[in-house]
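Just below is one structure, and these are the notes that go with it.
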Amino acid sequence: MEKFSVEKRIKSFGYAWRGIEIFLKTTHNVWLHVLIFIVVVLAGFYFNITQIEWFAIILSAGAVFVAEAFNTAIEIDIDLTSPDFHPRAKDTKDVAAGAVLISALTAIVIGVIIFYPYLCTFV
């Protein structure tokens with residue numbers, strides 16, 4: 001077993017930040033998610049949502065970002081390992097994209113459950 005090294009842990013954080021940079025630079029949909037998240041956060045402050053509602057919003061938004069990041073990683077890998085069209089490679093990419101859609105739809109449902117009562121009293 002390898003000995004614990006602070007230097008290696010610091011390097012691993014550097015690799016992770018590099019991955020986030022690649023994700024932000026190469027994934028166009030992430031900016032749509034960021035914009036929607038900003039709007040939801042502003043709505044949360046406006047309506048003074050509860051702590052548990054904040055928890056649900058942050059957790060569901062995090063799930064969307066994580067799903068999108070995994071989707072990007074899978075696409076990068078498939079493009080490397082299967083540069084020519086292959087139906088199974090397409091299936092892999094489509095399933096990963098489907099995971100993003102599932103997480104986004106779940107986040108929308110959570111948002112509706114949280115904000116609908118506030119919007120009803122607002123109108």
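General remarks:
- Ordering 60, 17, 30 by the projection of their Cα atoms onto the charge dipole of region 7-123, which places +1 on the Cβ of Lys and Arg and -1 on the Cβ of Asp and Glu, puts 17 at the extreme positive end.
- Relative contact order (%) - criterion: Cα under 8 Å, at least six apart; region: the chain: 27 percent
- Taking other C-beta atoms within 10 Å as the exposure proxy, 82, 12 rank 12, 82 from fewest upward.
- Here the chain is treated with +1 on each Lys and Arg Cβ and -1 on each Asp and Glu Cβ, and its dipole about the Cα centre works out to around 320 debye.
- Residue among 56, 69, 104 with the largest mean-square fluctuation in a Gaussian network model of the chain, springs linking Cα atoms under 10 Å: 56
- Within the shell defined by Cβ-Cβ distances under 15 Å, the residues around residue 74 carry a net charge of -3, with Lys and Arg each +1 and Asp and Glu each -1.
Every number in this text was worked out from the coordinates using simple rules, so none of it is lab data. All figures in this text were calculated on a predicted structure; none of them were measured in a lab. Cβ coordinates were reconstructed from backbone atoms using ideal geometry, including for glycine residues, and neighbour counts include every protein chain displayed.
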